[in-house]
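Here's the structure we're looking at; comments come further down.
The values are calculated or read from the model by the stated rules, or taken from the named source; none is laboratory data. Note that the coordinates shown come from a computational prediction; the quantities given were computed from them, not determined experimentally. Neighbour counts run over all protein chains shown; Cβ positions are idealised from the backbone, glycine included. Note: accessible area is taken over every heavy atom of the protein model, side chains too, but ligands, DNA and RNA are not part of it. Shrake-Rupley method; radii C 1.70, N 1.55, O 1.52, S 1.80 Å.
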Amino acid sequence: MLRKVKSQSFVLYLILISISQINSQDLLNTRLVAHRTFDVNSNDIWGFEKDGIHYAVIGNFNRTSIFSLEKPNEPILVYEVFGTNSIWRDIKFYNDYLYVVADSGSDGLLIIDVSRSVQDISHVFYKPEIPLPTGNVVLRKSHNLFIDEKGFCYLAGSNVGVGGSLIFDLNSDPLAPNYVGIENFQYSHDAFVTKDTLYTSEIYRGQMAMYDVSDKSNIRLLGSNYTPNFFTHNVWGDGKNTLAFTTDERASAYVTAYDVSTPENIRELDRYIPAISGPEGVIPHNTHYLDGYLVTSWYTDGLRVLDVHKPDNMVEVAYYDTWEDEYICHESYHGNWGAYPYTNSNLVYASDIENGLFIVEVDYKRACYVEGVVTDINGKLMSNVKFEFDGDGNNINYSAPDGIYKTGTYKDGTVKLHISKDKYLTKTLEVTLERGKVLNLDVILEPISETSVTINLVNQNNEPIEGNIKFWNDSFSKLETVDGTKTINIPAVPLNAIIESWGYLPHNFENFDFSSTTTQTYMLTDGYAQVFDASDFWTNDNNEGGDWEIGIPKITTFNNRVASPSADSDDFGNFAMVTSNGIPGADCADVDGTPMVVKSRVLDLSTYLDPTLSFDLWSFTSKQDGNQIFTISFTNGVNEFEVFRYSDNTDAWIRFEDISIPNDVKLWQNTQIQLSAIDLSNNGRQSIFEVAIDNISIKSSVSSTKDFTQSNIKLIPNVIDNNIAYLCSKDAASYVIYNALGTIVLRGSISNSIEELNLQGLQKGLYYLQCQDIKSNNVKFLKL
């Protein structure tokens, strides 16, 4: 179906026109010029110039659309061709003709004639028969195409043969080009051709291959090379057969640079991945080379521009985010599909699958470089040393095994460069940088002297216990399990540390010098409390709803609100328990219709007097209809008692204190704490629910107001001295001593009229003595 557009008023019927409404757009050395959305998804993008006017051509799910950019900030639709429904289209331009393929249906090769005025555009669907040794095959579809400087068109990933590159000569008849040959060795996902050299992306073999196509009837393999993530999506050269660049269409994959001047010996030069979002699973899609720059589209991560004048040290210098869908995981195949930079200006035309056409102005600034060798104080070459510039989170690099490092930044002037490696003192240097210039800087790192410390963990009866201890500072982190006693090597510098053990209260150290003594014994107080920094005492309930995670909370936003915390609660340490803590996207692994359940280890509350639960909570729900429910329960595997329920937004970490635990629960000796979150709305993208919990503790409610004065039990002396006291009772009695948190630290009974209490194992502090007269069943509380 053909539809010509002669007036701008009709554009309103076809597409939704608006300047971008996308939330939280990020940019660096870029500016949005115009944005147009469509009623269907988009795919590839290309452009051309005719009579001094530039045009953007975008592939949509069911059509190809041509926009006039006579006024770049007001794109006007001038022509469209409807065709087969396809999520894949690819477009190229040569000598007044547009060539379009789709990797679905049977459109063959769409050829759009723009040789006359925009009021007189026409098109044909070209479906030639391709002669093969096994018989003729009609061209129905193709994944990609490229047109070289000589006017030969290469169709990659077609339905003909194994899906190698079909070659057509566009010069004799551009509307019915002659078929002249086929590269029928491997399936090719993408193609780039220059100077009779064909570069193919053999995606399923995970390699880039180079072919000599000077003789179209006798194509020869020149060389090949595997790409880092073994899923070679596209390849683009510098036009001189000296450099090539590839993308792998995998999560957390690289854009990679190669020296291809000797095809039989292709050499990798450098790799780039955005350090902030790359590890979160974002996917590079298409890259294009332009005058020393790479313009690359990254799904869900936007348009990124790298300075590759030094291909062995690629540096990001510009960025524009076309996509910010708060419902979709950032690792998915959404967002920025393609970017066309060949506009003879600073404009780039970008296509976003869900969000349509973007016209973006790019300030192509040169990078600043720092290169050198890093060694230790003995001259030993050091690998895996991290180099990071202040305020430039994406250009992070590491030294190679030979000690050589190459890094850079989009910033010039005086910049701080942080250099770090585990077990070495972090070095921060102020460097003065110039655009396009290399600062040669050799670095010497000084090792942090280590010390061995022996940690003994004991309970209040001086018996060895098992626990975890975590040490950390800004450049060091270490978690160790201590089974009674363990010797641990740590840096001989002040460190933060925390000891967590199930059934005991955490023990904290802030900026503590552990090297002051080689053996240290820590007596942990009985109790149940967790700050989750050294905790592995919780287990997900193996359900389909997803897992709770312990870690440093990562931020997720929704409608300009924080949907999951960007920081720990106000307790010691940095970790918390959260319902999802990975790839950005509010609907990415949030709570849905199947409950997320996690349980603690078994605890014994039978000795607790009116126990209560306290904790810090973060909760976010987009619906607030009561169907997003977080609960805390106690269960013994048979019975379950819910003690807390929440279905609202906290907006920040809030503290809940002294939630009562039912009396039935406190008698259980095999109890578990159960955290559960569920979204009963089960509306997917229509309902977002996230929960985080931290600083959880249980204590007994000990109060002197419960003192029964008729009891004949007395304590001598009233003020404890020398850690010895005597308990007197007319009749037989039992006693329990609690600490200030309500945890039992000592218990016993009086069979005679007097009992000696040895309190030497207790730390200084406030304690309560509970005595129960067995004859009268009276209870008495005393402060020690």
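Things to note:
- Remark on Val315: its backbone amide H falls under 5 Å from those of Asp307, a criterion applied only to residues 5 or more positions apart or on other chains, H modelled at 1.01 Å from N.
- Computed with every protein chain present, the accessible area of His123 is close to 40 Å² [probe 1.4 Å].
- Shown are Trp298, Trp88, Trp337, whose ranking by accessible area with a 1.4 Å probe and every protein chain present, most to least, is Trp88, Trp337, Trp298.
- Amide hydrogen neighbours beyond the local backbone of Gln207, cut-off 5 Å, H modeled: Glu202, Thr227, Thr232
- Take Ile182: with every protein chain present and a 1.4 Å probe, its accessible area is about 40 Å².
- Cα gyration tensor category, rounded, prolate or oblate, for the range 563-610 with a/c compared to 1.5: oblate
- In the chain, a dipole from Cβ-located charges (positive for Lys and Arg, negative for Asp and Glu) runs towards its positive end, and of Val360, Val162, Ile91 it is Val360 whose Cα lies farthest in that direction.
- Local electrostatic count at Phe471 - Lys and Arg +1, Asp and Glu -1, tallied over other residues with Cβ under 14 Å: -4
- Phi-derived couplings, Karplus 6.51 cos²θ - 1.76 cosθ + 1.60 at θ = phi - 60°, listed residue by residue for the range 410-417: 7, 8, 10, x, 8, 9, 8, 10 Hz, with x used for Gly and Pro.
- Expressed as a whole percent, the accessible area of the chain that falls on carbon and sulfur atoms is 46 (1.4 Å probe).
- Near Gln628, the amide H atoms lying under 5 Å from its own belong to Leu680; only residues 5 or more places off or on other chains count, and H is placed 1.01 Å from N.
- DSSP-loop trypsin sites (Lys or Arg not before Pro) across the range 22-124, with at most 11 other Cβ within 10 angstrom: Arg116
- Counted by Cβ distance under 11 Å from Thr671, the other residues give a net charge of 0, where Lys and Arg count +1 and Asp and Glu count -1.
- Listed residues Ile276, Pro447, Ile377: farthest to the positive end of the dipole of the chain (Cβ charges): Ile276
- The magnitude of the dipole of the chain, with charges of +1 and -1 set on the Cβ of Lys/Arg and Asp/Glu and taken from the Cα centre, is near 160 debye.
- The trypsin sites (Lys or Arg not before Pro) of the range 314-398 that meet both conditions, a loop assignment by DSSP and at most 14 other Cβ atoms within 10 Å of the site Cβ, are Lys380.
- Evaluating 6.51 cos²θ - 1.76 cosθ + 1.60 at θ = phi - 60° for every residue in the range 26-34, the Karplus couplings come out as 9, 8, 8, 6, 9, 8, 6, 9, 7 Hz, glycine and proline recorded as x.
- Sorting Val308, Val736 by solvent-accessible area of protein heavy atoms yields Val736, Val308, largest first, with a 1.4 Å probe.
- Dividing the summed -39500 (n - 2.57) terms of all DSSP H runs of n ≥ 4 by the residue count of the chain sets its mean residue ellipticity at 222 nm at -500 deg cm²/dmol.
- Basic side chains Lys and Arg get +1 at the Cβ, acidic Asp and Glu get -1 at the Cβ, and with that the dipole of the range 249-338 about its Cα centre reaches some 200 debye.
- Sparse-neighbourhood loop sites, trypsin sites (Lys or Arg not before Pro) in the range 227-297 - DSSP loop, at most 14 other Cβ within 10 angstrom: Lys240
- For the range 548-610, with +1 on Lys and Arg beta carbons and -1 on Asp and Glu, the positive-most of Ala586, Val597, Gly551 along the dipole: Ala586
- Its convex hull of Cα atoms gives the range 603-702 a direction-averaged projected area, equal to a quarter of the hull surface, of 6.7 nm².
- Option label - Kirkwood radius over Cα pairs in Å computed here, alternatives (1) 31.1; (2) 28.4; (3) 30.3: (1)
- Distance cut-off 26 Å, percentage of C-alpha pairs in the range 123-239 lying past it: 14
- With a 1.4 Å probe rolled over the protein heavy atoms of all chains, the accessible area of Ser566, Ser297 falls in the order Ser566, Ser297, largest first.
- Shape of the range 350-475, Cα gyration tensor, a/c cut at 1.5: oblate
- Charge context of Pro565, other residues only, Cβ under 11 angstrom, K/R +1, D/E -1: -4
- Spread of Cα-to-Cα distances over 10 Å intervals beginning at zero, given as percent, for the range 17-168: 10, 37, 32, 16, 4, 1
- Counting all C-alpha pairs of the range 480-528, share separated by more than 15 Å (%): 51
- Relative contact order %, the chain, counting alpha carbon pairs below 8 Å whose residues are six or more apart: 7
- Size of electric dipole in the range 384-518: Cβ of Lys, Arg +1 and of Asp, Glu -1, about Cα centre, debye, nearest 20: 400
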